[in-house]
Amino acid sequence: MDVAEVLQRLDTDEQGLSAAQADERLSRFGPNRLPEGVRRGLWQRFLAQCNNVLIYVLIAAAIIVFLLGHWVDGIVITAVVLINALIGMVQEGKAEDAIAALGKMLTANAVVKRDSSKTTLKADQLVPGDIVFLQAGDKVPADLRLLKAKNLQLQEAVLTGESMPVDKTAETMAESTQLADRQCMLYSGTLVTFGQACGVVVATGADTELGRISSLLSEVQEITTPLLRQIALFSRQLSIMIVLIAVLTMLVGILVHQFSLSSMFMAAVSVAVAAIPEGLPAIMTITLAIGVQKMASKKAIIRSLPAVETLGSVTVICTDKTGTLTRNEMTVTEMLTAAGQDYQVTGSGYDPHGDVRQGDKTVEVESESALQQLIRAGLLCNDARLIDKDERWQCEGDPTEGALLSLAAKAGFESDYEEEAQPRLDVIPFESVHQFMATLHHDHQGRHFCYLKGAPERVLEMCRYQHHGDELDLAHWQQQVKQLASKGQRVLALASLDFEGQKTELDFDDVQQGLTLLGLVAMMDPPREDAVQAVRLCQDAGIEIKMITGDHSDTAAAIAERMGMTSAVISGRDIEELDDTALQQVVRDKSVFARATPEHKLKLVKALQENDEVVAMTGDGVNDAPALKRADIGTAMGRNGTEVARDASDMVLADDNFASIVDAVEEGRTVYDNLTKAILFILPTSAGEALIIIAAIVMGVMLPITPVQILWVNMITAVTLGLALAFEPAEPGLMARRPRARQTPLLTMDLIRRIVFVSVVMMLGSFALFVLHIESGHSLEAARTVTVNTLVMFEVFYLFNTRFLTAPVLNKAGLLGNRIALLAVAVLLVFQLGFTYLPAMHFLFGSAAIDAHSWLQIVLVASVILWLVELEKWLRRKQQA
């Protein structure tokens, strides 16, 4: 169909739908989303939780215990397996919901014309008949029929498998044209790689070409990371070791002490149950999930879950300047007309309140023709729009163009009047390849002309004249550009070109030479205050900051100096001349890279990684995707980034703020610390329990603790105390540490020694109190209850040791700094009182009531661990000092 017929069929026009029409069509056609796949049912999720070698050992133990007729023990072991599976099932459900929520947070936006004005909507609100505008870097949000196209190319590999970008035009095609050859159609999910387009939505959601071929099955993103894979391997190795130790223990009891096979098998089950850290997998998953949620609350949305771990070891952050280190609210501060006059501009941000001045004098712009022409060029060669939203002026479009609009408003220009007086006929949109934008206009006297703005180096090459037809003094203007840029300002050159006769289209060849320079405009994007602080925090944390910008070298150096960075600059041209070895040396020594292209970014990331750095990289454009993908942590901009940049990233900054990257790095370090603390806390308990059983068998005495009591200790302490560690805040001095090296093991030898030391102390203390109570005439049940409570109290005191890996905890922050830990201790003590004094618990767990004297002994013995571990930390700190 031709364009007019398409618009008629869809009952729309180029002014777009009204809000009422859009609402009616949204209810008729539904949201513009692909059908969601069927989520796994409860039973499938439940059974998946049992697919763990440690759980297999517990299930086998339960079956054999049942066969031996120990029904209560068997029921309790089975209950522990079920509880563990339920916790995992609920957590996986939350993970599914969290990933779905991330998908909603990252929903694409679309620029649409509704009620005759452009607006930005979420892509799922699009309906057939909507008029949509696209530019390079956008993902096509629905199936569109092209109405207008300018130098348009699309990457359609997702739909057609065609690896090269394809040209698109608005011309009508034959009805029999194959999908891959339909040049007048844009399909949902494909990517605009070049040019601009305007099209009308013809299909949404499941009715799109992508919707027809998309799979109806969607799988939950699996929460698996290198760390969790390490834990899975550790679990397998631990299981083999546990089975061997249990069998060996059983043989010692039978052969050395002539215990019965049945009693020794129960002892072997006790060893196995004791040594298995049942709560560890759930706690690790929950710790990661909490980390992701905390990062999201700090405007850092994690798209790739392994990034949580990697963030903790970042050594270099490569960042853009504009909008990341700075406010992304450009303000014109100075102008230099081709007539040689210099002007200053007051006001800040996009707020259109301010004056044009020369020194202390306010200038009447109407009386300055050269100044008027310079400002008018910036107003008309412009695709941005300023809106007053939530009592704050905001720019829809490029910040540089927003600054020019604000300048025009300060100078008294009315945008609507100027656009009617000199309507636009055509445009060459800005692309980083050619570094300028040009627009074709005519006035009502029949004059046809173009305005052009762009990088001064490029525009000056294209100019031949300056004010009143004088030959361009290139050296003079190059010096002026350098002088303005040296103040940390971004400089634009503006030019014009008159055409003879009528002209309706603008091509690159039309503007390559012969232009007249109108002047220079200098603007400043001031550094964010929080970014200045964040750079300082990174430097203290041993993280290097590399600024990579497309701006002028002098501008980059001035901003770097304001940010507290070294201001020595390497240009993109210098990067091209260096070989790989030389570049690796340069990236060690230099921190600021100016006039850098996306290709340079990729080279810099590779060079840093060759130096064994862990690199986080920010980017927002289509061409940043290779560098984002190559970086260890690709970080895309959530507000101003393109869809392709977000797709290639591991993390999205919802506020485009550098400080959010630093917050995420800090949270990554905290998550890693908390995972280490959870393992450091849980393993000594399991090892200590196993040692108690082994010691009892080797010594030929009654078991101080039964399998079901061991399970009680493991599960109740993991669910309360162990989980509290997942909520630990960042340790003091966390961001003063050097980044963690890639090859650093999860548990260092110092921590392994601590685990062994604590395990032995727990075993000795618990075993001693058991023997003491047996010898003083207490019942076996009461002595075992003392053992269980001693183990639990050991863990309560050890929890506080574990809150800080090396720092002392005998202070207010160490003892009272985590309210959740205090709540967990209180809950645990209530459970232990129930375990000790409730008749039902006596039946299930073989416990018995104990007196206050026993409690005093328990607390005194268990508290020893607090003092001993703090002594060990002090000795280690003294050794490292």
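The values are calculated or read from the model by the stated rules, or taken from the named source; none is laboratory data. Remember, it's a predicted structure, so these values are computed and weren't measured experimentally. Cβ coordinates were reconstructed from backbone atoms using ideal geometry, including for glycine residues, and neighbour counts include every protein chain displayed. Note: areas computed on protein heavy atoms with side chains; ligands, DNA, RNA excluded. Shrake-Rupley method; radii C 1.70, N 1.55, O 1.52, S 1.80 Å.
Of the conditions (1) crowded, with 24+ Cβ neighbours inside 10 Å; (2) within 17 Å of V758 (Cβ to Cβ); (3) not charged (D, E, K, R), F800 clears all except one; give me its number.
With (1) crowded, with 24+ Cβ neighbours inside 10 Å; (2) within 17 Å of V758 (Cβ to Cβ); (3) not charged (D, E, K, R) applied to F800, the lone miss is (1).
Being touching a residue at least 60 places away in the same chain (Cβ under 8 Å), β-branched (V, I, T) and buried (at least 17 other Cβ atoms within 10 Å of the Cβ) is the requirement here; does V356 meet it? Don't jump to the end; show me each part of the working.
Numbers: touching a residue at least 60 places away in the same chain (Cβ under 8 Å): no; β-branched (V, I, T): yes; buried (at least 17 other Cβ atoms within 10 Å of the Cβ): yes.
Answer is no for this residue.
Name the single residue that is surrounded by the most Cβ atoms within 10 Å (Cβ to Cβ) among those in the range 173-196 being in contact (Cβ under 8 Å) with a residue 40 or more places away in the chain and within 10 Å of R145 (Cα to Cα). Give the steps one after another, and end with the answer.
Just the residues of the range 173-196 that are in contact (Cβ under 8 Å) with a residue 40 or more places away in the chain, to begin with: 185-196.
Restricting the remaining residues to those that are within 10 Å of R145 (Cα to Cα) gives 185-187.
Values: M185: 22, L186: 26, Y187: 20.
Per the criteria, the residue is L186.
Is it fair to say L823 is aliphatic (A, V, I, L, M), within 19 Å of D673 (Cα to Cα) and open to solvent by 10 Å² or more (accessible area, probe 1.4 Å)?
On the way: aliphatic (A, V, I, L, M): yes; within 19 Å of D673 (Cα to Cα): no; open to solvent by 10 Å² or more (accessible area, probe 1.4 Å): yes.
When the stated conditions are applied, L823 does not pass them.
With the condition kept exactly as written, say whether any residue in the range 529-538 is open to solvent by 10 Å² or more (accessible area, probe 1.4 Å) and within 28 Å of I575 (Cα to Cα). Before you say what the answer is, go through the steps one by one.
The initial filter retains those residues of the range 529-538 that are open to solvent by 10 Å² or more (accessible area, probe 1.4 Å), namely 529-530, 532-533, 536-537.
Still in the list and also within 28 Å of I575 (Cα to Cα): 532, 536.
Yes, the range 529-538 has at least one match.
Please determine, by comparing only the residues of the range 476-502 that are of a type outside the set (D, E, K, R) and part of a loop (DSSP other than H, G, I, E, B), which one is most open to solvent (accessible area, probe 1.4 Å). Outline the logic, then answer.
First pass over the range 476-502, keeping only residues of a type outside the set (D, E, K, R): 476-481, 483-486, 488-489, 491-497, 499, 501-502.
This time we only want the ones that are part of a loop (DSSP other than H, G, I, E, B), so: 486, 488-489, 501-502.
Details: S486: 67, G488: 3, Q489: 14, G501: 50, Q502: 165 Å².
So the residue we want is Q502.
So, K453, is that one under 28 Å from E420 (Cβ atoms), basic (K, R) and modelled with pLDDT of 95 or more or not? Break it down into steps so the answer makes sense when it comes.
Numbers: under 28 Å from E420 (Cβ atoms): yes; basic (K, R): yes; modelled with pLDDT of 95 or more: yes.
Taking the combined requirement at face value, the residue satisfies it.
Go through the residues of the range 680-690 one by one and say whether even a single one is out of contact with any Pro (no Cβ under 6 Å at 6 or more places or on another chain) and of a type in the set (D, E).
So far as the range 680-690 goes, yes, one or more of its residues are out of contact with any Pro (no Cβ under 6 Å at 6 or more places or on another chain) and of a type in the set (D, E).
Which residue out of L58, L26 is at pLDDT 80 or above and open to solvent by less than 50 Å² (accessible area, probe 1.4 Å)? Give the steps one after another, and end with the answer.
Values: L58 fails: at pLDDT 80 or above.
The match here is L26.
Tell me, which residue of the range 394-425 that is part of a strand (DSSP E or B) and closer than 17 Å to R376 by Cα is least open to solvent (accessible area, probe 1.4 Å)? Steps first, answer last, please.
So in the range 394-425, the residues part of a strand (DSSP E or B) come out as 394-396, 424-425.
Checking which are closer than 17 Å to R376 by Cα leaves us with 424-425.
Details: R424: 89, L425: 69 Å².
Result: L425.
Considering the range 432-461 alone, what residues qualify as being among the small types (G, A, S) and open to solvent by 10 Å² or more (accessible area, probe 1.4 Å)? Talk me through it step by step, then tell me what you get.
Filtering the range 432-461 for residues among the small types (G, A, S) gives 432, 438, 446, 454-455.
Answer for the range 432-461, where residues must be among the small types (G, A, S) and open to solvent by 10 Å² or more (accessible area, probe 1.4 Å): S432, G446, A455.
What number of residues within the range 79-88 are modelled with pLDDT of 75 or more and open to solvent by less than 50 Å² (accessible area, probe 1.4 Å)?
Result for the range 79-88: 3.
Please go through the range 845-862 and give me each residue that is under 47 Å from the mean Cα position of the chain (by Cα) and surrounded by 15 or more Cβ atoms within 10 Å (Cβ to Cβ), ordered by number. Even if it seems obvious, please write down each step before you answer.
At the first step, the residues of the range 845-862 found to be under 47 Å from the mean Cα position of the chain (by Cα) are 845, 858-862.
Passing the criteria: F845, I858, V861, A862.
Tell me, which residue of the range 635-667 that is in contact with a strand residue (DSSP E or B) (Cβ under 9 Å, 6 or more places away or on another chain) and more than 24 Å from P141 (Cβ to Cβ) is most open to solvent (accessible area, probe 1.4 Å)?
D663
Among (1) closer than 16 Å to G378 by Cα; (2) free of Cβ contacts under 8 Å to residues at least 24 places away in the same chain, where does V459 come up short?
Of everything listed in (1) closer than 16 Å to G378 by Cα; (2) free of Cβ contacts under 8 Å to residues at least 24 places away in the same chain, V459 misses just condition (2).
Just checking, does the range 732-743 include any residue being modelled with pLDDT under 85 and among the charged types (D, E, K, R)?
Yes, because at least one residue in the range 732-743 is modelled with pLDDT under 85 and among the charged types (D, E, K, R).
Do you know which of the residues in the range 566-616 that are part of a helix (DSSP H, G or I), of a type in the set (V, I, T) and over 15 Å from E544 (Cβ atoms) is most open to solvent (accessible area, probe 1.4 Å)? Walk me through it before giving the result.
Of the residues in the range 566-616, the ones part of a helix (DSSP H, G or I) are 572-577, 580-589, 598-610.
Narrowing further to those that are of a type in the set (V, I, T): 575, 581, 586-587, 605.
Then keep just the ones that are over 15 Å from E544 (Cβ atoms); that gives 575, 581.
Details: I575: 0, T581: 105 Å².
My answer is T581.
Can you find, within the range 311-348, the residue that is farthest from V671 (Cα to Cα) among those that are open to solvent by 30 Å² or more (accessible area, probe 1.4 Å) and touching a Gly at 6+ places or on another chain (Cβ under 7 Å)? Let's see the steps before the verdict.
Taking the range 311-348 first, the residues open to solvent by 30 Å² or more (accessible area, probe 1.4 Å) are 322, 327, 333, 339-342, 344, 346-348.
Now drop any that are not touching a Gly at 6+ places or on another chain (Cβ under 7 Å), which leaves 346-347.
Details: T346: 46, G347: 43 Å.
The extreme case among them is T346.
Within the range 297-310, which residues are open to solvent by 30 Å² or more (accessible area, probe 1.4 Å) and either modelled with pLDDT under 80 or more than 24 Å from G722 (Cβ to Cβ) (or both)? Walk me through how you get there before you give the answer.
Of the residues in the range 297-310, the ones open to solvent by 30 Å² or more (accessible area, probe 1.4 Å) are 297-299, 303-304, 306, 310.
Selection gives K298, K299, R303, S304, P306, T310.
Out of (1) surrounded by 20 or more Cβ atoms within 10 Å (Cβ to Cβ); (2) within 20 Å of the chain's Cα centre (by Cα); (3) outside any helix (DSSP H, G or I), the odd one out for E731 is which?
Evaluating E731 over (1) surrounded by 20 or more Cβ atoms within 10 Å (Cβ to Cβ); (2) within 20 Å of the chain's Cα centre (by Cα); (3) outside any helix (DSSP H, G or I) leaves (2) as the failure.
Restricting attention to the range 445-459, does a residue exist that is under 25 Å from K113 (Cα atoms), of a type in the set (A, V, I, L, M, F, W, C) and in a helix (DSSP H, G or I)? Break it down into steps so the answer makes sense when it comes.
First pass over the range 445-459, keeping only residues under 25 Å from K113 (Cα atoms): none.
The answer is no, given that none of the residues of the range 445-459 is under 25 Å from K113 (Cα atoms), of a type in the set (A, V, I, L, M, F, W, C) and in a helix (DSSP H, G or I).
Identify the residue in the range 693-728 that is more than 45 Å from the chain's Cα centre (by Cα), touching a residue at least 24 places away in the same chain (Cβ under 8 Å) and not in a loop (DSSP other than H, G, I, E, B) and, among all such residues, is surrounded by the fewest Cβ atoms within 10 Å (Cβ to Cβ).
First, pick out the residues of the range 693-728 that are more than 45 Å from the chain's Cα centre (by Cα): 693-706.
Next cut, touching a residue at least 24 places away in the same chain (Cβ under 8 Å) only: 693-698, 700-706.
Subset that is not in a loop (DSSP other than H, G, I, E, B): 693-698.
Numbers: I693: 28, I694: 22, A695: 15, A696: 21, I697: 26, V698: 13.
Top of the filtered list is V698.
Please list, ordered by first then second residue, the pairs with beta carbon atoms under 8 Å, 6 or more apart or interchain, first in the range 499-512 and under 17 Å from Q435 (Cβ atoms), second modelled with pLDDT of 90 or more and in a helix (DSSP H, G or I).
Every condition considered, the pairs that remain are V511/M462; Q512/M462.
Can you work out which of the residues in the range 739-760 that are in a loop (DSSP other than H, G, I, E, B) and of a type in the set (K, R) is least open to solvent (accessible area, probe 1.4 Å)? Write out each step before concluding.
Let us first name the residues in the range 739-760 that are in a loop (DSSP other than H, G, I, E, B), namely 739-748.
Next cut, of a type in the set (K, R) only: 740, 742.
Details: R740: 52, R742: 120 Å².
The selected residue is R740.
From the set of residues in the range 547-565 that are touching a helix residue (DSSP H, G or I) at 6+ places or on another chain (Cβ under 7 Å) and open to solvent by less than 30 Å² (accessible area, probe 1.4 Å), which is modelled with the lowest pLDDT? It would help to see each step written out before you state the result.
Within the range 547-565, the first condition is being touching a helix residue (DSSP H, G or I) at 6+ places or on another chain (Cβ under 7 Å), and the residues that meet it are 547-549, 552, 554-555, 563-565.
Now restrict to residues that are open to solvent by less than 30 Å² (accessible area, probe 1.4 Å): 547-549, 555, 563, 565.
Values: M547: 94, I548: 91, T549: 86, T555: 77, M563: 89, M565: 90.
Ranking the qualifying residues of the range 547-565, first place goes to T555.
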